[in-house]
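*Asks:* The structure under discussion is supplied below as structure tokens; questions concerning it will follow.
The values are calculated or read from the model by the stated rules, or taken from the named source; none is laboratory data. A quick note: this is a predicted structure, and the numbers were derived from the prediction, not measured. Heads up, the Cβs are rebuilt from the backbone with ideal geometry, glycines too, and the neighbour counts pull from every protein chain shown. Ligands, DNA and RNA are excluded from the accessible area calculation, which covers all protein heavy atoms including side chains. Shrake-Rupley method; radii C 1.70, N 1.55, O 1.52, S 1.80 Å.
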Amino acid sequence: YDRELTAANLFAIQTEIAETIARALKTNLSPVEQQRIRSTPTESLEAYEAYLLGRQRFAKRSAEGLADALTYFRNAVELDPGFALPGVALADPYIDLAGDRGCPLEARHRDAQAAAEKALELDQNLGEAYSSLGYLRFRQHRLIEAMQYIERALELSPNYPPLSRMYGILLTDLGKVGEALKWHEAAVRLDPMSAELRRSYATALRSLNMIDEAKGQLEIALEIDPLNPGARDAIATIEWLVYGQLDQAIKQYHELILLDSARGVHYAYFAQLYLSLAQEQRSRVLLDRAMELAPDAGVTYWSRLLFSLYSGNNSKVPEYAAGIIVNRFGAPWQLGFGVAQLSYLAIESGQPDQALAIYAENFPELLSEESPEVHNGNYRAAIDLALVLKTTGDYHGADRLLELAWNFIQGRSRLGWWGGYGVEDVRILALRGKPREAVSALQRAIDEGWNLLWWYYLRLDPALESLHGEPEFKAAVAQIEADMAAQMQRIREMERNGEL
């Protein structure tokens with residue numbers, strides 16, 4: 001193909017290649033497919049180039065990359081307002097940037113909605129637009145609507161790799177992890193050189209507790225793009241939550257900060273790591289940076305709440321817990337933790353009815369008199385609510401929730417990449433009045449490598465307060481404190497050696 005480089009010629013060449021391949025494979029293209037490959041999305045080569053550069057920057061997934069992507073996509077729209085693809089492409093970085101750099105979550109979601117709808121006005125058969133709307137609804141926890149958009153997108157653009165990824169993520173959230181894995185595998189087959197799709201594939205493997213396989217995919221992602229922050233973040237999280245190696249996790253977070261220094265969420269989690277290592281000042285510095293970069297993000301409120309509890313400054317607990325609830329589109333665990341802290345304060349002030357009202361507003365399914373529903377998004381909240389119910393004298397309701405939560409965690413992994421149940425079995429046993437069994441379960445957890453937020457659960461958690469006088473409990477606390485001190489010593493050695 002030896003022609004002048006114009007947008008018209010570029011798309012004409014693509015059409016000829018597609019039709020030649022179809023003939024060679026003796027494949028009949030449907031009328032819709034023929035119309036799609038023969039269309040000319042834009043007559044502006046500059047607009048098309050800006051769109052492609054935006055996709056390239058978006059693939060980096062760093063805060064800087066997302067901001068650059070928005071600039072390129074906006075430029076493409078300005079160059080050709082009738083070019084639908086960059087218009088819909090604006091939606092995804094709007095969603096991913098929500099909460100960062102002081103961008104209010106709801107405002108960014110409105111921007112994403114408007115961008116996708118505008119693109120559909122230009123091309124009602126644009127599968128990418130329906131895919132973005134599905135992604136937005138997923139982030140808003142409106143799963144039924146998300147599925148409707150994704151299914152429509154699949155009808156229109158079945159070979160769009162991010163769509164296969166999004167469908168896999170949605171299926172995972174609906175508990176269909178085996179089926180979800182197949183869609184993530186399909187996404188990687190469609191675009192094997194995408195580091196971000198590899199990272200999502202690793203997340204799907206995580207849901208099946210295939211941690212080693214997940215880490216392998218993350219290492220491939222870093223081979224493809226050594227600067228990919230998502231893969232680096234995921235490896236750090238595995239070191240932290242699965243292997244219990246906070247020193248190695250901190251080493252990864254140092255690399256992550258160098259790769260993506262403008263993303264507030266990294267500093268927020270980094271601060272939590274140092275709290276577990278009893279480094280309050282280091283944690284404070286990192287948390288201040290998170291507040292500067294992402295003051296409205298749910299994870300920032302969660303880290304501020306944890307820091308307040310750690311330092312004993314409970315006066316700010318209501319404010320930070322309320323911030324988590326307002327930003328309820330984050331992890332269910334964060335929402336449950338914030339609700340629990342507000343309910344505990346209500347109980348301490350002699351207002352158990354207020355504590356129940358908080359749960360009725362945020363986890364109404366747990367208070368169903370006929371059949372409380374316990375699932376992955378609320379089983380921790382069910383345990384916290386059981387404690388509240390006990391204080392009101394509703395022992396039957398508390399025991400029912402504890403039984404449902406107990407049944408839910410059976411067969412699941414204690415340690416996981418944001419998927420393990422941690423010491424929830426210990427909490428259930430303690431609330432059931434079985435201190436000896438609870439202490440034994442705690443010792444098993446520590447021996448297996450658990451240490452996530454250990455200082456909160458072993459020092460402050462009301463559910464485990466009845467265990468504090470047990471000699472074995474005190475010995476378990478001393479054991480984990482010694483391990484944290486040893487890991488901090490290794491971090492200082494890495495700093496002296498210039499590794500950090």
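*Asks:* Before anything else, pin down the relative contact order of the chain: Cα pairs under 8 Å, at least 6 apart, normalised by residue count, whole percent.
*Replies:* Reported as a whole number, the value is 9 percent.
*Asks:* Related question: Using the alpha-carbon atoms, what tilt in degrees (0 to 90, nearest 10) does helix 45-60 show relative to the longest principal axis of the chain?
*Replies:* Value to nearest ten degrees: 20.
*Asks:* Per DSSP H run of at least 4 residues, take -39500 (n - 2.57); add these up for the chain, divide by its residues and hand me the 222 nm value, nearest 500 deg cm²/dmol.
*Replies:* Result for the chain, helices only: -23000 deg cm²/dmol.
*Asks:* Counting heavy atoms of the protein chains only and a 1.4 Å probe, report the per residue accessible area for the chain as a whole number of Å².
*Replies:* Accessible area per residue: 45 Å².
*Asks:* Each residue of the stretch 413-418 in turn: what ³J(HN,Hα) in whole Hz from Karplus with 6.51, -1.76, 1.60 and θ = phi - 60°, glycine and Pro shown as x?
*Replies:* Taking θ as phi minus 60°, the curve returns 8, 5, 10, x, 7, 6 Hz for the stretch 413-418.
*Asks:* Would you mind calculating the relative contact order of the stretch 152-234 from Cα pairs under 8 angstrom and at least 6 residues apart, reporting the percent as a whole number?
*Replies:* Relative CO of the stretch 152-234 lands at 24 percent.
*Asks:* I'd like the orientation of helix 161-173 relative to the chain: the angle between its Cα long axis and the longest Cα principal axis, in ° from 0 to 90, rounded to 10.
*Replies:* That works out to roughly 30 degrees.
*Asks:* Could you run the Karplus curve 6.51 cos²θ - 1.76 cosθ + 1.60 with θ = phi - 60° over the stretch 436-452 and give me ³J(HN,Hα) per residue in whole Hz, x for Gly and Pro?
*Replies:* Taking θ as phi minus 60°, the curve returns 5, 5, 5, 5, 5, 5, 5, 5, 4, 4, 5, 4, 7, x, 5, 7, 5 Hz for the stretch 436-452.
*Asks:* Counting only trypsin sites (Lys or Arg not before Pro) that sit in a DSSP loop (anything but H, G, I, E, B) with at most 12 other Cβ atoms within 10 Å, what is the longest stretch of the chain containing none of them?
*Replies:* The reported range is 27-500.
*Asks:* Turning to a different aspect of this structure: Below 8 Å between Cα atoms, with a sequence gap of 6+, how large is the relative contact order for the stretch 308-434 in percent?
*Replies:* Relative contact order here is 17 percent.
*Asks:* OK, next. Once neighbouring chains are kept in place and the probe is 1.4 Å, which whole percent of the accessible area of the stretch 185-235 is contributed by carbon and sulfur?
*Replies:* Heavy-atom surface of the stretch 185-235 belonging to carbon and sulfur, 1.4 Å probe: 49 percent.
*Asks:* Could I ask something else about it? Please say if the stretch 65-171 is rounded, prolate or oblate, where rounded means a/c under 1.5 for a ≥ b ≥ c the square roots of the C-alpha gyration tensor eigenvalues, and otherwise the choice is prolate for a/b larger than b/c and oblate otherwise?
*Replies:* oblate
*Asks:* Additional query: Measure up LYS390/LYS474; LYS60/LYS316; LYS60/LYS215; LYS176/LYS316; LYS176/LYS215 against 28 Å on the Cα-Cα distance and list the ones that go over.
*Replies:* Pairs exceeding the cut-off: LYS60/LYS316; LYS176/LYS316.
*Asks:* What order do ILE13, ILE144 take when sorted by accessible area (1.4 Å probe), most exposed first?
*Replies:* In descending accessible area the options line up as ILE144, ILE13.
*Asks:* Right, another one. Please report the carbon-and-sulfur percent of the accessible area for the stretch 317-430; probe 1.4 Å, protein heavy atoms only, DNA, RNA and ligands left out.
*Replies:* 50 percent
*Asks:* Give the angle, between 0 and 90 degrees and rounded to the nearest 10, that separates the Cα long axis of helix 127-139 from the longest principal axis of the Cα atoms of the chain.
*Replies:* On a 0 to 90 degree scale, this one is about 10.
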